[in-house]
1. At 0.36 nm per residue, and after removing the present C-alpha to C-alpha distance, how many nm does the segment from Val24 to Asn95 gain when stretched out fully?
2. Sort the following peptides by mean Cβ neighbour count (other Cβ atoms within 10 Å, averaged over residues), highest first: 9-19, 30-40.
3. Treating only the Cβ atoms of Lys and Arg (+1) and Asp and Glu (-1) as charged, compute the dipole magnitude of the chain about its Cα centre; round to the nearest 20 debye.
4. Mind pulling the angle between the C-alpha long axis of helix 5-20 and the longest principal axis of the chain? Nearest 10 degrees, somewhere in 0 to 90.
5. Helix-only estimate, please: 222 nm mean residue ellipticity of the chain, summing -39500 (n - 2.57) across DSSP H runs of length 4 or more and dividing by its residues, to the nearest 500.
6. For the pairs Lys16/Lys52; Lys16/Lys79; Lys59/Lys79; Lys2/Lys57, note any where the Cα-Cα span goes beyond 19 Å.
7. Excluding Ala91 itself, what net charge comes from residues whose Cβ is under 15 Å from its Cβ, given Lys and Arg +1 and Asp and Glu -1?
8. In degrees between 0 and 90, to the nearest 10, how far off the longest principal axis of the chain does helix 84-94 point, with axes built from Cα atoms?
Amino acid sequence: MKMDKKQQAEVGKQVKDLFKKGNVLYKGYVDDPRNTDNAWMETVAVNYHDLKGTFHKFKLQAGDDAGHVEWVDMDCNLKLYASHSYFVMGAAQVNEAHW
């Protein structure tokens, strides 16, 4: 989506405001097949509830560790990697959404 400077500034403000209101769902050790006795994964899962649709204004693009990204409807049947389904379930509970 192309935006002029004024639109970019407004969306930038919306994103900054949204990121100020994150709700930490989990912080710490995660079960991951790459974990060993000497090294393990830890993470912070944060829910940013976007009621205004700010994030949908951006075209998603996979980074170096992901082959594909897209917006999807979530439910308990979706197969996610490692502990990710617990984080999504936590976000659904916090937002009183169907899981």
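1. Here the segment from Val24 to Asn95 would lengthen by 24.3 nm.
2. By packing density, highest mean first, the sequence is 9-19, 30-40.
3. Here the size comes out at about 700 debye.
4. 30 degrees
5. One gets -8500 deg cm²/dmol as the mean residue ellipticity at 222 nm.
6. The answer is Lys16/Lys79; Lys59/Lys79.
7. Details: positive: Lys21, Lys27; negative: Asp50, Asp73, Asp75, Glu96.
Charge balance near Ala91 sits at -2.
8. 60 degrees
Where a number appears in this text, it was derived from the coordinates with a stated rule and is not lab data. Keep in mind it's a predicted model, so treat the numbers as computed, not measured. Please note: Cβ atoms are built from the backbone with ideal geometry, for glycine as well, and neighbour counts cover all protein chains shown.
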